[in-house]
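Notes for the one structure printed next.
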Amino acid sequence: MSRVTAPSRLPWMARLASRALTWRFGKPFPTVALLSHHPAYPVPYLFMAGIYGNGSTKLNPTTKALVSHLVAQLNGCAFCIDLGQRVARDKGLDTSKLQWVLAFRERPEYSPAERAALEYAWEATQVTAKVSDETYATLSSFYSEREIIELTVAVATENFFNRLTGPLNIESQGFCALPDRQP
């Protein structure tokens, strides 16, 4: 149960977004409603979510899903873990690697490029948000500068989402258990 209750009346942007998200995923996003305590807060959240989820990137979508899932796992964000699995499944990605993402260093399923991206995400998610020169050098041997920027934005955005849902105790909505709904 969330620690904060949503306002009784949501701003128009939040109402519209809640309807669209409920249509797309089968359930509302509680974060949108909770952020509506300040009328302007849902706007940047929705903007980030829109770019993050739908933006055209050069970064491989499977790598992005793996990195997002790792960050959500590291932060213990049940809502983001659930939603990330659902989005990956909806995009037709191979979700089998998601279950082992915390053990990426030892598991044989991950390519060297995926390991480099996951190591980068792991280090960037730590409280200091520092990445070693060695990790960056390995990463840059697999990814272009644009892909590294996109990877960094994916890690930062997932951390942003996790830092909103975790402290407010927003629980998993069961998105993975719902049938697929194509936009």
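The values are calculated or read from the model by the stated rules, or taken from the named source; none is laboratory data. In this text, all values refer to a predicted model and were calculated from it rather than measured experimentally. Cβ: placed from backbone, ideal geometry, glycine included. Neighbour counts: every protein chain shown. Note: accessible area is taken over every heavy atom of the protein model, side chains too, but ligands, DNA and RNA are not part of it. Shrake-Rupley method; radii C 1.70, N 1.55, O 1.52, S 1.80 Å.
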Inset, instruction - With N set to the residue count of the range 104-158, report its C-alpha Rg divided by 2.2 N^0.38 Å to two decimal places. - result: 1.06
Inset, instruction - In whole angstrom, note down how far apart the Cα centers of the range 1-44 and the range 71-97 are. - result: 21 Å
Inset, instruction - Quote the convex hull volume per residue of the chain, based on C-alpha atoms, as a whole number of Å³. - result: 119 Å³
Legend entry - Computed helical MRE - 222 nm, the chain, DSSP H runs ≥ 4 contributing -39500 (n - 2.57), nearest 500: -18000 deg cm²/dmol
Inset, instruction - Would you mind working out the accessible area per residue for the range 109-183, using a 1.4 Å probe, and quoting it in Å²? - result: 54 Å²
Legend entry - J(HN,Hα) series, the range 22-32, from Karplus relation 6.51 cos²θ - 1.76 cosθ + 1.60, nearest Hz, glycine and proline x: 5, 4, 5, 10, x, 8, x, 8, x, 4, 4
Inset, instruction - Starting from the residue with the highest accessible area, list S144, S36 in decreasing order, probe 1.4 Å. - result: S144, S36
Legend entry - R146-K58 pseudo-label distance in nm [points 7 Å out on the Cα-to-Cβ vector]: 0.4 nm
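With +1 assigned to the C-beta of every Lys and Arg and -1 to the C-beta of every Asp and Glu, and no other charges, what is the dipole magnitude of the chain about the Cα centre in debye, to the nearest 20? Could you put the intermediate results ahead of the total?
Numbers: 19 positive and 16 negative charges, 176 e Å.
It comes to approximately 840 debye.
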